[in-house]
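Taking it in order: structure first as structure tokens, then the write-up.
Here, each number is a calculation from the coordinates, and none is a lab measurement. None of these values were measured; they are calculated from a predicted model. Note that each Cβ is placed from the backbone with ideal geometry, even for glycine, and that neighbours are counted across all protein chains shown.
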Amino acid sequence: GSSGNDLTLNLHGQLVAPPTPTVQTVTSLSGTPSNPVVAGTSVTLNAAVTAGGSPATSATGTMSFLDGTTVLSTQIVVNGAASLVTSTLPVGINQLTAVYSGDSTYIGSSASVGYGVQPAPTITVHLPPNVTTGTGTPVPLSVVVSNPVGGQNYSSNLWLNLNFSGILLQHSTS
């Protein structure tokens with residue numbers, strides 16, 4: 001039975017679909033520092049959403065950062081922008097993409113950029129075998145720098161002079 005304290009609640013309503021986004025967007029993507037960089041360098045990828053040529057600072061949702069088809073990370077969009085810091089980009093030209101998910105107002109969009117990563121330079125020093133010399137007598141060395149960023153391989157001849165006050169390197173280019 002009913003005690004008089006029972007409450008019956010009847011709800012009548014309808015399921016409402018979320019609004020369909022209607023505002024077109026453009027996503028931009030840039031990397032800092034400018035490319036090319038040396039492998040292992042920390043790179044900041046910045047993605048921003050604009051609508052009608054102005055920053056879409058009220059845009060929400062997510063921004064996925066990809067290298068080719070590999071997702072590097074997915075970040076929350078704050079004030080219409082998202083960033084990612086990475087130091088694991090492989091050597092070569094990386095096709096980086098930022099994919100904005102869109103939200104209830106803004107339609108998703110994406111942007112891509114090629115970003116170059118070069119191998120780190122290597123320095124090789126060649127010494128002549130079994131050199132015996134006295135104090136103040138130069139010992140010839142050969143130095144080769146391979147894979148320098150933005151340039152050609154470099155080689156140089158050096159002479160190493162040993163004396164009681166330390167080591168003196170003298171240089172001449174080849």
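Some notes on this structure:
- Ranked packing of 119-126, 96-103, most packed first, by mean Cβ within 10 Å: 96-103, 119-126
- For residue 43, the residues whose amide H sits under 5 Å from its own are 86, 87, ignoring neighbours fewer than 5 places away on the same chain, with H placed 1.01 Å from N.
- Built amide H within the under 5 Å cut-off of residue 120, gap 5+: 39
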